Amino acid sequence: MKKIISIILTAILAIILTVNPVSAEGIEIGSYFQIGSYNGAPILWRYMADEYNGKLIVSDKAICFKTFAAGDNRHLSSRWGSDFWEESTIRKWLNSKAGAGEIEWPNGNTPSAEGVQFSGWDQDVKYPYADEAGFLNENNFSVQELSIMKTISQWQMLSENRIELAENGETRPYLFQYTFGSDREPQTVHTNEVSEFKDAFRGAMYRVSDTIFLLNELQIYDIWNNFGEIRARRTNESILTEENNNEYCWYWLITPALARAQYDLARYNGVTSIKGNGEYRGVATHPNELGVRPAFYLNEANLIIKSGSGTEEDPYIVDGAGQNGVAVFSNGEELSMDQKPVEENERLLVPARAVFESLGAEVEWDEEKEVVTATDGETEIVMQIDNAVMEKSKKGEEEEISLEAAPRIIGERTMVPLRAVSEAFSAKVDYIEELNRVVIDKQPAPSPDPNWCPPWYKRMFGCSK
């Protein structure tokens, strides 16, 4: 009997010890995680920085080599592929759960050998991925592992031909490199340095929603600030190219690479990157196959640490709580709701109080009139159950807005159509159908120091300190 009791107690103790008592709040910058796999090899990630969307988790190494955006050999103007992250094939691959050969590629441009190589060039394409399963496919990540990855909205720089999409009031694109001088004065080229990214990273931006993404300059700056290192090693499993046959490899960033020529902007279909030696460079999107270093923001509320100490040799082995129905992420945090969003007639209804309060609004409910009122101090909106017209008042101006669906009471909660959220408080709203997630964002764009003006920048734009 004692032997049986001892066996039972040992089993119970083993179960208890499978969960590490470290909480998400106790995790330190620099900690390592093992989450998911790629091509059968576990992926090692590292907690690199704290940002407005939370804990930034980055692949410790470049897990593979791929082209940024496939070109279209049918049209000369698009052979180089897009420098627009939202249309890139690498973004689509990183955020897709689809099986092999089932991904719907942006603009129909597939990253096959034909889609990657430049027409007329004798180019050896080593890493086409048109027939590869999406990075988030179940072969790489479990449902539980996906639930510890936030789906977030973040600010993305725009190239010169996308300025009209700007949401931050800027009308000039980010320039990674500047050329100035003349025939009488020796030309000088200044390429932004990592130490300058915090303030040099300025220009027209808009917001795009992702679960997995490549790094931008502000994130690289934070990593450099925390570790003094931005180089990336390759994984042992990644195939080497002749150009990447060394310890540190060249990897993609996410920003359109535009350089100011002597007299005008140079139109250049490229994006920024970090070379193996840590140099910052612009690279053509289409004919180059560079390292892919994916990143995501940690959903701490779902994180379960099963074992490990967080070192490179003994990384945290983690799992997630899973996802129940539609998940809503507002301003970088997953909302906890006792009533989940409901889809009716192809329209998504979300709980009014939880969503509006996450955007900083106060919510009142008039039970007798069945009217919900929300105000953030500047804007007030009024909606009535079963009435598809929303009243909006801002700075003394009133308007009536027709909604796609009327608010309803479901499970004792007032539910409003998702569009009402964006219409009410000018929030960015996306529904990611493949992951069954809603992203709501009203966070301001990055604001560099307005007094920042080194001599080379002053020479270009006439600013003054």
What number, in percent, do you get for the relative contact order of the chain if the mean sequence gap of Cα pairs under 8 Å and at least 6 apart is divided by its residue count?
17 percent
Taking the chain and counting helices only, DSSP H stretches of n ≥ 4 at -39,500 (n - 2.57) each over all residues, the nearest-500 ellipticity at 222 nm comes to -3500 deg cm²/dmol
Kirkwood estimate for the stretch 25-297, i.e. one over the average of 1/r between Cα atoms, Å
19.2 Å
Unit Cα scatterers, Debye sum, the stretch 363-465: log10 I(q)/I(0) for q = 0.19 Å⁻¹:
-0.98
I'd like the Karplus ³J(HN,Hα) series for the stretch 369-379: coefficients 6.51, -1.76, 1.60, θ = phi - 60°, whole numbers in Hz, and an x wherever there's a Gly or Pro.
8, 6, 10, 10, 10, 10, 9, 10, x, 10, 10
As straight-line cross-link partners of LYS395, the qualifying aspartates and glutamates (C-alpha separation under 16 Å, not fewer than 8 residues apart within one chain) are ASP376, GLU378, GLU380, GLU423
Report the Cys residues of the chain lacking a disulfide-compatible partner, meaning no second Cys Cβ under 4.7 Å from their Cβ.
CYS64, CYS249
Can you give the longest run of the chain that contains no chymotrypsin sites (Phe, Trp or Tyr not before Pro) sitting in a DSSP loop with at most 16 other Cβ atoms inside 10 Å?
264-451
Starting from the Kirkwood radius over alpha-carbon pairs of the chain, derive D by Stokes-Einstein at 37 °C in a medium of 0.692 mPa s and give it in µm² s⁻¹.
134 µm²/s
Taking other Cβ within 10 Å of each residue's Cβ, how do CYS64, CYS463, CYS249, CYS453 sort, fewest first?
CYS463, CYS453, CYS64, CYS249
Average Cα contact separation per residue, the stretch 327-441, under 8 Å, 6 or more apart, as relative contact order %
24 percent
Each residue of the stretch 306-320 in turn: what ³J(HN,Hα) in whole Hz from Karplus with 6.51, -1.76, 1.60 and θ = phi - 60°, glycine and Pro shown as x?
8, 6, x, 10, x, 8, 5, 7, 9, x, 5, 9, 10, 8, x
Anything over 32 Å Cα to Cα? Flag those among LYS126/LYS458; LYS55/LYS428; LYS92/LYS392; LYS97/LYS275; LYS92/LYS340; LYS92/LYS198, in the order listed.
LYS126/LYS458; LYS92/LYS392
I want to check the label-to-label distance for GLU138 and ARG233. Put each point 7 Å from Cα in the C-beta direction and report it in nm to one decimal.
3.4 nm
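None of the figures in this text is laboratory data; all of them are computed from the coordinates on show. These figures come from a predicted structure and were not determined experimentally. With ideal geometry, Cβ positions are generated from the backbone for all residues, glycine too; neighbour counts draw on all protein chains shown.
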